[in-house]
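The values are calculated or read from the model by the stated rules, or taken from the named source; none is laboratory data. Model, not experiment: these values are computed from the prediction. We place every Cβ from the backbone using ideal geometry, glycine too, and count neighbours over all the protein chains shown. The protein model used for the area step is the full one, side chains on, heavy atoms only, and it has no ligands, DNA or RNA in it. Shrake-Rupley method; radii C 1.70, N 1.55, O 1.52, S 1.80 Å.
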Amino acid sequence: VEDYDNYGRPVTGFSSGTGFFISPDGYVITNYHVIEDAHQIYVLVGEDEQYVATVVGSDETTDIAVLKVDADNLIPAEFGDSDMLRVGDAVVAIGDPLGQQFSGTMTDGIISGIDRDVMVDGRVMNLLQTNAAMNSGNSGGPLINCYGQVIGINTMKIGTFSDRAGVEGLSFAIPSTTVMDVVNQLMDQGYVSGRPRLGIEGEGVTTFQHYYYGFPAGIYITQVDDHLRREGLDIHPGDIITAINGVAVTNMDQVNAIVYRLEVGDTVQLQLYRSRTKFNLEIQLTEDKG
């Protein structure tokens with residue numbers, strides 16, 4: 001994955017991860033966070049075959065992305081049924097930990113837990129837990145059962161948090177049943193149906209903004225979707241969200257946690273601050289189409 005600035009100049013640094021083919025004609029699965037905000041994506045096959053990849057669709061909520069490369073006669077992975085797993089089943093994780101130097105590394109372990117609900121960026125992800133060792137670069141790689149079938153996609157977000165706490169042997173993967181449902185929708189329509197979207201982006205009010213400008217605790221709005229403007233709603237970049245549905249919020253994770261529990265078409269009430277004045281505004285959630 002390679003990034004460029006607004007002038008087309010390469011940005012220092014690359015990120016890397018793992019993926020695998022799901023069709024002979026070049027469709028690839030990886031994690032959303034592996035390709036997030038990338039301007040150029042390359043898929044390396046073996047040691048010297050490199051392809052430029054395009055994004056077919058991606059879903060931040062489940063951390064899944066589908067890519068396409070211009071190639072054929074590839075050998076796709078075979079999927080197994082993660083619903084059939086039991087605690088203690090043997091598994092192996094395959095990926096490129098720490099980059100290409102250790103490409104194709106395999107680590108073994110067992111299924112340590114099933115249906116683990118873990119909070120990530122304000123949303124709950126239902127994951128498989130394994131003690132198969134994973135490191136940075138394993139993200140997007142397959143978790144494979146004893147029959148050589150993919151029963152999950154390795155995701156390192158939770159592993160990274162665990163490492164900071166000094167915990168080992170706690171790796172997580174997205175179940176194959178979730179993967180196939182999301183992948184089919186991404187390939188068919190480019191997004192996952194039924195996801196609510198508020199249509200606002202923002203960042204937490206900083207300590208400097210609080211003391212220098214007198215801003216209240218909340219979320220400083222940086223972007224408002226065009227459809228909200230077309231509807232004539234009185235909300236603009238620079239406004240501050242102090243509460244949503246009566247619950248105080250200070251970061252977007254808290255907002256997302258509230259929105260994710262609602263349905264498309266539901267209405268939320270925002271408490272806003274502008275020019276030393278607080279007021280309320282109702283917004284109807286729309287479908288997130290990516």
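In this label model, residue 278 and residue 37 are separated by 3.2 nm, measuring between points 7 Å along each Cα→Cβ vector.
Once the Cα-Cα distance is subtracted from the 0.36 nm per residue extended length, the residue 23 to residue 54 segment shows a gain of 9.6 nm.
Pair-distance distribution of the stretch 163-245: all C-alpha pairs, bin width 10 Å, starting at 0; shares per bin in whole percent are 14, 25, 22, 29, 10, 0. A viscosity of 0.890 mPa s and a temperature of 25 °C, combined with the Kirkwood radius over C-alpha pairs in the Stokes-Einstein formula, give the stretch 18-149 a diffusion coefficient of 157 µm²/s. Evaluated at q = 0.08, 0.12 Å⁻¹, the base-10 log of the normalised Debye intensity for the chain, with identical point scatterers placed on the Cα atoms, takes the values -0.41, -0.87. If you take the square roots of the eigenvalues of the alpha-carbon gyration tensor of the stretch 61-101 and sort them as a ≥ b ≥ c, do you get rounded (a/c under 1.5), prolate (a/b over b/c) or oblate? Since a/c reaches 1.5 and a/b is larger than b/c, the shape of the stretch 61-101 is classed as prolate.
With the cut-off at under 20 Å, measuring from each backbone N in the stretch 196-219 to a point 7 Å along the Cα-to-Cβ line of residue 251 picks out 198-211, 215-219.
Using C-alpha pairs below 8 Å separated by at least 6 residues, the relative contact order for the chain is 14 percent. For the chain, the longest principal axis of the C-alpha atoms and the axis of helix 176-189 are separated by about 70°.
Compute the Rg to Rh ratio over the stretch 70-224 from the alpha carbon atoms, using the Kirkwood formula for Rh, and round to two decimal places.
1.08
Here residue 106 sits with roughly 120 square angstrom of accessible surface, probe radius 1.4 Å. Ligands, DNA and RNA excluded, the heavy atoms of residue 49 present near 90 Å² of accessible surface to a 1.4 Å solvent probe. Across all directions, the average projected area of the convex hull around the alpha carbons of the stretch 147-290 is 12.0 nm².
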